[in-house]
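The values are calculated or read from the model by the stated rules, or taken from the named source; none is laboratory data. Computed from a predicted structure; not experimentally measured. So basically every Cβ, Gly included, is an ideal-geometry build from the backbone, and we count neighbours across all protein chains shown.
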Amino acid sequence: MTIINFAHANGFPAGSYQTFFQYFTDSNTQQHNYKVVANDQYGHNSRFPVSNNWPHLVDELIHFVKQQPEPVVAIGHSFGGVISFIAACKHPELFKGLIMLDPPVITGIESWAIKLLKKTPYIDNISPAGKSKNRRQFWPAETDLAKQFSRSKLFSNFDPRCLQDYVNSGVKLNKDQLELVFDRQVETDIFRNMPTHLAKFKQQLKIPAALITANQSDVAPAYFFRRFAKLNKNIKQHHIDGGHMFPLEKPKETFKLIDEIIQAWAI
């Protein structure tokens, strides 16, 4: 059995990926089995607060993985890909492989610039924090959120099943209104504290790794990914059609590529 430890994108509880996870379960045979485990929400446990470069969130992932019976294949989307990378560098004994899905990886001169900007309010101008800090949190109880969200740019290309998964897991009924489950301040703080120290992990990745980037992604310029991949010889870059949210836009295609990568590793 291959245990997949999945780490979600910022603002998207793990339940948002339920349709994506189901492809792993549905593919199981006598020869190969997948089991997907996931910490539901990073950044909401007071033991692991959000801080600069996300060290405690990395610790939260490590703490979760240590509860598994054997080393895992780490798969992380966006934010989740970065904390999975750092965790795998620090504790390679806990992991058999690493797959990063369109992670915001900042190295080179840009990392120094953003490191300085993180100390100022201007970080909100160059990161998604500028949008998340004003994100709507509450709606009337009768609101059809799947329909409403589908009109926004972020969700417009979502597989309808994945959009419903997000509504089911990311929204709760609180008294007489609907409320986002993922705390807006936590989401914003995560964006404001994006890691700018990834270069320190040069050649520290000791396990097979894949970096899957989306052809229409707006998370970073393509050369950011190429430069990051060169830091560790174990990282092989792959491309997939779609935007930054491709695991929730094309869950089947994303699973098929991941499955091919894992099978090629023969781990």
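Considering only residues in the range 181-208 that are outside any helix (DSSP H, G or I) and in contact with a Phe, Trp or Tyr (Cβ under 8 Å, 6 or more places away or on another chain), the one that is nearest to residue 111 (Cα to Cα) turns out to be 196.
If you take the residues of the range 56-69 that are in a helix (DSSP H, G or I) and touching a residue at least 24 places away in the same chain (Cβ under 8 Å), which of them is nearest to residue 191 (Cα to Cα)?
Selected residue: 57.
Which members of the range 71-117 meet the condition of being in a loop (DSSP other than H, G, I, E, B) and either over 20 Å from residue 233 (Cα atoms) or hydroxyl-bearing (Ser, Thr, Tyr) (or both)? Hits for the range 71-117 are 71, 78, 107. Among the candidates 20, 24, 6, 12, the residue that is of a type in the set (A, V, I, L, M, F, W, C) and under 14 Å from residue 181 (Cβ atoms) is uniquely 12. Scoring residue 202 on the criteria (1) of a type in the set (Lys, Arg); (2) within 30 Å of residue 116 (Cα to Cα); (3) crowded, with 22+ Cβ neighbours inside 10 Å leaves a single failure, condition (3). Residues in the range 233-267 that are farther than 11 Å from residue 214 by Cβ, part of a helix (DSSP H, G or I) and β-branched (Val, Ile, Thr): 258, 261, 262.
Taking the listed residues 53, 5, 10, 39, the one that is touching a residue at least 12 places away in the same chain (Cβ under 8 Å), at positive phi and in contact with a helix residue (DSSP H, G or I) (Cβ under 9 Å, 6 or more places away or on another chain) is 53, with no other qualifying. Filtering the range 160-180 to residues that are among the charged types (D, E, K, R) and either in a helix (DSSP H, G or I) or closer than 21 Å to residue 81 by Cα (or both) leaves 161, 165. The number of residues in the range 212-235 that are out of contact with any Phe, Trp or Tyr (no Cβ under 6 Å at 6 or more places or on another chain) and either among the small types (Gly, Ala, Ser) or surrounded by 14 or more Cβ atoms within 10 Å (Cβ to Cβ) (or both) comes to 14. For the range 138-147, the criterion of being assigned to a loop (DSSP other than H, G, I, E, B), among the small types (Gly, Ala, Ser), under 19 Å from residue 243 (Cβ atoms) and at pLDDT below 95 is satisfied by no residue at all.
Yes or no, residue by residue, for (1) modelled with pLDDT under 95; (2) closer than 24 Å to residue 42 by Cβ; (3) not charged (D, E, K, R):
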site	(1), (2), (3)
169	no, yes, yes
177	no, no, yes
184	no, yes, no
201	no, yes, yes
213	no, yes, yes
236	no, no, no
253	no, no, no
